[in-house]
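Structure first, commentary second.
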Amino acid sequence: MNIGTRTRVALVFVLVAMSSMSCTLWRGRSDVSHAEAGDWEESAPKGVQSTEQYEARLRNLLDRAIKETEQQADADRTKVIFRRPYYFKEYDEFPQGAAQADIKFRKTESRTAPLVADVKLEKIRYATRMHRRRDAAEQDNNFLRDTGTETITYELRTGRWVRVGSLYVAEKTEEKVNGEWVPAAEEVQRTVPSEEQAADSWWRRAWDRITGQ
């Protein structure tokens, strides 16, 4: 066997040996990856929550938001709100709190939002009449009282509740006369389009403070 032939034979042995080592290493990595995947899958059910747990979390967030609203009530009584083209004052109360909220869940086919919650709360809204001038709104401390219910809709996205909209329906409007609340003597228009309300609603402000957004 000449030198050239020996060199080629030696090279073949080296290539075979490297191929065997490569297969061994690949099988080793595959085994490790499979073990890690198995561990992750076994621990996954621990993160799955029941409807009761999701409801408890949502009620907790509602409770915190309502408390934030109550803490801001005094400031909101004197704060002038501007929603083009009107100026007015407004603040809210939730007499029954989060504990008495009616929550209904709906499952969806969406992967990004598999669960939707409709939360109905009793709400009392105090608001002045709407003014075209800011100074007129600042001087107006005659609040009218709306009593009704607010329905807030949430979606569960990546395990977190996200508020996506709300609807407030007032059942009666009253004004204070001689220290007593009586039915409003006139039809009062104090609402603005919903897209404008969302920018400065009580819930948006409270929710943003809680979530840090």
- How many residues are farther than 17 Å from E55 by Cα, of a type in the set (S, T, N, Q) and assigned to a strand (DSSP E or B) when one looks only at region 149-186? 3
- Message: For region 76-85, give me each residue that is over 21 Å from V169 (Cα atoms) and part of a strand (DSSP E or B).
- Response: V80, F82
- Query: Being of a type in the set (K, R), under 19 Å from the mean Cα position of the chain (by Cα) and surrounded by 16 or more Cβ atoms within 10 Å (Cβ to Cβ), is that true of even one residue in region 137-146?
  - Reply: no
- Task: Output the residues belonging to region 86-107 that are among the aliphatic types (A, V, I, L, M) and assigned to a loop (DSSP other than H, G, I, E, B).
- Result: A101
- Would you mention how many residues in region 87-117 are buried (at least 16 other Cβ atoms within 10 Å of the Cβ) and more than 30 Å from E175 (Cβ to Cβ)? 4
- Note on the structure: Exactly one of A117, A113, A137, A73 is at pLDDT 95 or above and either under 23 Å from V182 (Cα atoms) or assigned to a loop (DSSP other than H, G, I, E, B) (or both), and that residue is A137
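So for region 7-30 (the condition being at pLDDT below 90, among the charged types (D, E, K, R), within 23 Å of A170 (Cα to Cα) and over 18 Å from the mean Cα position of the chain (by Cα)), does at least one residue qualify?
The initial filter retains those residues of region 7-30 that are at pLDDT below 90, namely 7-30.
Those left that are additionally among the charged types (D, E, K, R): 8, 27, 29.
Adding the requirement that they be within 23 Å of A170 (Cα to Cα) leaves none.
No.
The values are calculated or read from the model by the stated rules, or taken from the named source; none is laboratory data. All figures in this text were calculated on a predicted structure; none of them were measured in a lab. With ideal geometry, Cβ positions are generated from the backbone for all residues, glycine too; neighbour counts draw on all protein chains shown.
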